[in-house]
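These notes concern the structure reproduced below.
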Amino acid sequence: MPKFVLDGKEIEFKQGQTIIQAAKDNGITIPHFCWHESLSVSGNCRVCLVEVEKMPKLVIACATIASDGMVVHSASEKALSARNAVMEFLLINHPLDCPICDEAGECKLQDYAYSHSVGESRFVEEKTHKDKRVPLGPYIMFDGDRCISCSRCIRFCDEIAKEPELTFVKRGDRVTIVTFPGEELDNPYSMNVVDICPVGALTNRDFRFKARVWDMSANNTICQGCARGCNIELWVRNNEVLRITPRQNDRVNSFWMCDHGRLETFKFINAKDRVDGPYVRREGSLQKTSWDEALADAAKELKSSRFNRNEIAFIGSPYATLEDNYVFAKFAAAVFGSKNIDFMRHSDPSFGDDILRREDITPNSLGAEAVGIRPGQTGLNFDGIINGIKEGKIKALYILEDDIVSADTALEEVLAKLDLLIVHATNFNKTAVLADIVLPAATYAEKNGTIVNFQGRVQRIKPAVSTVELDRAMDSMSMSRLDKFGSIYDRWNQGHKYDARSSWKILAALSSVLGNKMKFNLAEDVFNEISRSVQAFSGLDYDSIGEHGVQSKLQPLEKIEKA
Amino acid sequence: MAVKKRYKDLTLLQRIYIPEIVKGLSLTMKNMFKPKFTMRYPEEKFIPPASYRGRPVLVQETNGEERCVACGLCARVCPALAIEVQAGETEREKERYPEKFEINMLRCIFCGLCEEVCPEEAIVMSKDYELAFSSRGDAIYGKDKLLTPVIQLQDRIEFLRSYK
Ligand code: SF4
Ligand code: SF4
Ligand code: SF4
Ligand code: SF4
């Protein structure tokens, strides 16, 4: 491999790589604003100026191809004074908006002003004024004053979202960003521009002013919006999820996520209709009760003589984790010997595209099937179960975390025919309100587990929100300063904790009440059993899945490349 | 162990103690006729100088609006985590305002760091030292108790400016 020297350190690079990319691959960051690994090079911010020996002038590291034997200095006196000069230039017209700017705390310009700037302004003239608070689209607010004209947002729309919507207009210190006439910044990936904008010129309208970044904790997890399973971070303050940002995973989502995933996959967690504690139907209405009572009731009803075991059916969930589905299948087989088990497929052809979004709008359908949510040889599949209910052959139904009635409203009448309906639900959705017993399921933000995306990649979800039984410190969620030092008397530390549990835990407890002990203490125990008993996951464990997931044997590799 | 006898080399005058008593009493007598420093609080109030750090308050402009833009820096710097700020959006020029601003006076240690960090000169230490509560909830001061007209805070603001 060819090599060049960067600040006295020898660096290997691939032919054709730029200096900045080669440095990054070797763990060295050369300061930059406009350069982004996934976007084309535009070379306009000039912060990455470096000195290359035998070159007459400083060159920009983002657009200079490395060559064998090159000697590069990124911190020589010349390079540093150039960087200082560029910073001073960028700050000339930059407003003192940090106190009111959402980007503060995660702003590249702020960081660089500390690390690469002299800290004094010589500019005494009036700064330019541009339009502030301009909505560029339904989710994005633009502040012209703060823009440093790096063009990342423009290139993102052109190259990644493939919908050119933004452009520069005017020149010099009057240059600003606008949408093309008659256009809005409303492509399905528009909010990624908020993440890549190095300053606070583009902000998230949904999150605007909700919290300071340093007051939140961030936990790595996986988006539940579709079968892609974009890697994300959940940002939480006072036990409430406030925003989602994407996390880099080159095998799955690169740096991006879609707006649907970002906006629509967390609000149900703190919605008013959350199921908070177990509910049992008494005298026609659902009433809150204790766990012991609800489980005893469920056990009694399931074992009642009103129906035999062939008249019970089980509906798993492509929204629940592998662990939940596995224990569900095991519960159906071991306790009831039931073969009537399947799950409902949810697909939306209009949702899919060839960037990230998938037609399959559930996060774990591949995994649910793989761990046994499929009818036994003589058992009924999903349609069979529904027909069975219509014909009176199925009298009891156990549904795991899926709102099948909202997906198909005709099912409301069908479910009414049942003698017994038990539902695990996070919210009182259209299915849960029909149930005889509702067991409160933890949302994906409140549990450990794994899901399998459309590529067959096993990815980990981790809790970010504490519940009655899940403690932020004990269950190793990340903690903000407020989480660490808040007391029960602080109003900013009294976020609600729901009484909800992972479905596998509820099922294991119910199984014990029914006389079939299951020995699982942690989600990890369940996963270890899955990896022992399901061929596709053999040899995997939570450690090998790590932060970026691992490929299972569920999908052949060629198929992934094509998809 | 044998007890050691302490030996003091005192003169007779010292031993009889009377001159010392006379000295002490004469000091007392002198002070009886000097002006008094003691105040008859609470009938009489102590008005502290501008350098005094009483409870932190929010500056209210003459048009009734707060100066604070809810940047949260005071909450971040506060070593006692006494301050909670929730920002909201407004139509005003500054875009951002504190929807909720609370100081837990049981947590506050009157260090003045909030005042020092504020980029808007919006939170200052007042002269108010009279803090008594009968419950934990009462000790949490909201915007209603914190907002103080700028007129009343003039000398503190001038004091701060003179030391910048
Ligand atoms: S809005 Fe942000 S991303 Fe777009 S050009 Fe300006 S600074 Fe760059
Ligand atoms: S593409 Fe799918 S997984 Fe990715 S953010 Fe959107 S909804 Fe979530
Ligand atoms: S004076 Fe000190 S302790 Fe009190 S609110 Fe301000 S920063 Fe916090
Ligand atoms: S530092 Fe000043 S402007 Fe910022 S929130 Fe506190 S009082 Fe308001």
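The values are calculated or read from the model by the stated rules, or taken from the named source; none is laboratory data. Worth saying up front: this structure is predicted, and the values here are computed from it rather than measured. Counting neighbours? That spans all protein chains shown, and the Cβs are built from the backbone with ideal geometry, glycine included. Calculation scope for accessible area: heavy atoms of the full protein, side chains included, ligands and nucleic acids excluded. Shrake-Rupley method; radii C 1.70, N 1.55, O 1.52, S 1.80 Å.
So here's what we get for this one:
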item: Options B:Gly88, B:Gly64: the member that is surrounded by fewer than 15 Cβ atoms within 10 Å (Cβ to Cβ) and modelled with pLDDT of 95 or more; result: B:Gly88
item: Selection status of B:Arg96, surrounded by fewer than 23 Cβ atoms within 10 Å (Cβ to Cβ), under 16 Å from A:Asp215 (Cβ atoms) and of a type outside the set (Gly, Ala, Ser); result: yes
item: Filtered residue count, region A:141-176, keeping only those that are in a loop (DSSP other than H, G, I, E, B), among the hydrophobic types (A, V, I, L, M, F, W, C) and either within 16 Å of ligand 2 (Cβ to nearest atom) or within 14 Å of chain B (Cβ to nearest Cβ) (or both); result: 1
item: Positions within region A:209-236 being away from ligand 4 (no atom under 16 Å from the Cβ) and either surrounded by fewer than 21 Cβ atoms within 10 Å (Cβ to Cβ) or assigned to a strand (DSSP E or B) (or both), in sequence order; result: A:Ser217, A:Ala218, A:Asn219, A:Asn220, A:Thr221, A:Ile222, A:Asn231, A:Ile232, A:Glu233, A:Leu234, A:Trp235, A:Val236
item: In region B:46-93, the residues that are at the interface with chain A (Cβ under 9 Å from one of its Cβ atoms) and farther than 17 Å from A:Phe209 by Cβ; result: B:Leu81
item: Matching option when the condition is within 17 Å of the chain's Cα centre (by Cα), loosely packed, with under 14 Cβ neighbours inside 10 Å and not hydrophobic (A, V, I, L, M, F, W, C), among B:Pro56, B:Pro79; result: B:Pro79
item: Index of the failed condition, A:Ala320 passing every other in (1) in a helix (DSSP H, G or I); (2) crowded, with 24+ Cβ neighbours inside 10 Å; (3) out of contact with any Phe, Trp or Tyr (no Cβ under 7 Å at 6 or more places or on another chain); result: (1)
item: Sole residue being among the acidic types (Asp, Glu), crowded, with 18+ Cβ neighbours inside 10 Å and more than 16 Å from ligand 3 (Cβ to nearest atom), chosen from A:Asp102, A:Asp131; result: A:Asp102
item: Number of the condition not met by A:Ser117 [criteria: (1) touching a residue at least 12 places away in the same chain (Cβ under 8 Å); (2) assigned to a helix (DSSP H, G or I); (3) more than 20 Å from A:Ser254 (Cα to Cα)]; result: (2)
item: Failed item in (1) buried (at least 18 other Cβ atoms within 10 Å of the Cβ); (2) in contact with an Asp or Glu (Cβ under 9 Å, 6 or more places away or on another chain); (3) free of Cβ contacts under 8 Å to residues at least 40 places away in the same chain, with A:Lys78 passing the rest; result: (1)
item: Some residue of region A:483-500 being within 14 Å of chain B (Cβ to nearest Cβ), in contact with a strand residue (DSSP E or B) (Cβ under 7 Å, 6 or more places away or on another chain), open to solvent by 70 Å² or more (accessible area, probe 1.4 Å) and not aliphatic (A, V, I, L, M); result: yes
item: Verdict on A:Phe343 being under 25 Å from A:Arg501 (Cα atoms) and in contact (Cβ under 8 Å) with a residue 12 or more places away in the chain; result: yes
item: Condition check for B:Leu113: away from ligand 1 (no atom under 16 Å from the Cβ), free of Cβ contacts under 8 Å to residues at least 60 places away in the same chain, more than 14 Å from chain A (Cβ to nearest Cβ) and open to solvent by 20 Å² or more (accessible area, probe 1.4 Å); result: yes
item: Filter result (open to solvent by 50 Å² or more (accessible area, probe 1.4 Å) and either within 14 Å of chain A (Cβ to nearest Cβ) or within 16 Å of B:Val85 (Cβ to Cβ) (or both)) within region B:118-134; result: B:Pro119, B:Glu120, B:Phe133
item: Matching residues, region A:1-53, being of a type in the set (A, V, I, L, M, F, W, C) and within 16 Å of ligand 1 (Cβ to nearest atom); result: A:Phe33, A:Cys34, A:Trp35, A:Leu39, A:Val41, A:Cys45, A:Val47, A:Cys48
item: Condition met for A:Ala23 (over 22 Å from A:Cys153 (Cα atoms) and under 31 Å from the mean Cα position of the chain (by Cα)); result: yes
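Quick grid of which residues meet (1) within 14 Å of chain B (Cβ to nearest Cβ); (2) surrounded by 14 or more Cβ atoms within 10 Å (Cβ to Cβ):
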{"site": "A:Ser480", "(1), (2)": "yes, yes"}
{"site": "A:Phe527", "(1), (2)": "no, yes"}
{"site": "A:Ser533", "(1), (2)": "no, no"}
{"site": "A:Gly546", "(1), (2)": "no, no"}
